[in-house]
Amino acid sequence: MIAHQAEALVLRTWPVHEADHIVSLFTRDQGKLKGIAKASARSRRRFGGALEPMTYVMASYVEKPRQELVRLDSCEILISPLSDPVDYARAAALAFFAEVLEETLPDHDPQDPVFRLALAVIDHTRAGKIWLPVTYFGLWITRLMGWMPDLAHCLTCGRAFAGGSAYFNAQADGLVCHEHRSAASRALSALSLGAAERIFRNPIAALAAEEWPRSRAADLRRFTLQSLERHLERRLHSATALAKLGE
Ligand SMILES: [Zn+2]
């Protein structure tokens, strides 16, 4: 048996038996893993409030040979998303981060850049201010997974978009120019391509003072979500919830 203490983000929990939970954790050192938290429904001392999705915790767990689940002994809260006001939009954004991480990360594969991305976007996800962190996270996770196509040139002819719109469609990777778009294509505006470029060049803190209403870069979010869903080969429930939000 090997005992670990690791920084982790709680992604998801499932109740099992009478009072236990299975917990999916994204640990900084060991990547994503699943553990069983015995009596977690009763033990406020060991788990009180720490199993909410996207809670940043110090997790203590024991790995046993030939066992899929670790034994999760306790989670100490480092930063709780509940320490800040939660409105419906913020809850939907946090659920989106958790679902994307749960679905994209392979088990037992540490991904420190993804861990740092997650901490940064959580920190900027405030009640009534979610569209920058959602857009930022969507773009970066797509790039870090290696799924982000060239945003500057047409996939078909290689011509630079050079200040014009690009086009994308749900069935294919990559962006194309006006000439090579298909009937099902949607436009990605030059303004949104510019926003993507700035997102890839700057930490989120450098963009946080700007106004990001829902309408800003909405086409870019749609493009990124379609890329994610196509690679995951499933719909993201949390993305549907986000799409239904108003301003
Ligand atoms: Zn072209």
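The numbers here are math on the coordinates, done by the rules we state, and not lab data. This structure is a prediction, so every number in the text was calculated from the model and none was measured. Note: ideal-geometry Cβ built from the backbone for every residue, glycine included; neighbour counts use all protein chains shown.
So here's what we get for this one:
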item: Those trypsin sites (Lys or Arg not before Pro) in the stretch 74-158 that DSSP places in a loop and that have at most 13 other beta carbons within 10 Å; result: none
item: Difference of contour (0.36 nm per residue) and Cα-Cα distance, E103 to I79; result: 6.4 nm
item: Alpha-carbon gyration tensor eigenvalues x 5, square-rooted, for the stretch 192-247, Å; result: 22, 15, 10
item: Mean Cα-pair separation over length for the stretch 4-131, i.e. relative contact order, pairs under 8 Å, 6 or more apart, %; result: 27 percent
item: Per-selection metrics, the stretch 167-217 (Cα): Rg and Dmax in Å; result: 13.5, 38
item: Fraction of alpha-carbon pairs over 19 Å apart in the stretch 135-203 - percent; result: 30 percent
item: Extension gain (nm, one decimal) between A190 and R234, 0.36 nm per residue minus Cα-Cα; result: 13.0 nm
item: Estimated translational D of the stretch 33-124 in µm²/s (Stokes, Kirkwood radius over Cα pairs; 25 °C; 0.890 mPa s); result: 169 µm²/s
item: Positive-end extreme of charge dipole, the stretch 41-134 - chosen from C75, F96, M54 (charges on Cβ); result: C75
item: For the stretch 140-247, diffusion coefficient by Stokes-Einstein and Kirkwood Rh (Cα), 37 °C, 0.692 mPa s, µm²/s; result: 223 µm²/s
item: Helix runs (DSSP H) in the chain reaching 15 Å along axis by Cα, Kyte-Doolittle at least -0.5; result: 88-104, 112-123, 131-144, 190-201
item: Relative contact order of the chain, pairs being alpha-carbon contacts under 8 Å that are 6 or more residues apart, as %; result: 16 percent
item: Estimated FRET transfer efficiency when R0 is 45 angstrom, pair R66-D87 (beta carbons, to 0.05); result: 0.50
item: Count of Lys pairs (Cα-Cα under 21 Å; at least 8 positions apart or interchain) in the chain; result: 4
item: Dipole magnitude of the stretch 1-126 about its Cα centre (Cβ charges: Lys, Arg +1; Asp, Glu -1), debye to nearest 20; result: 400 debye
item: Share of pairwise Cα separations in the chain, more than 32 Å, in percent; result: 26 percent
item: Selected from A172, A50, A91 as most flexible by GNM, with the chain as the system and alpha-carbon contacts under 10 Å; result: A172
item: Whole-Å distance, taken between Cα centres, linking the stretch 209-247 and the stretch 134-184; result: 15 Å
item: Residue-count net charge about H21 - beta-carbon cut-off 14 Å; Lys, Arg +1, Asp, Glu -1; result: +3
item: Residue of L175, L101, L78 that the Gaussian network model of the chain assigns the largest fluctuation, springs spanning Cα pairs under 10 Å; result: L78
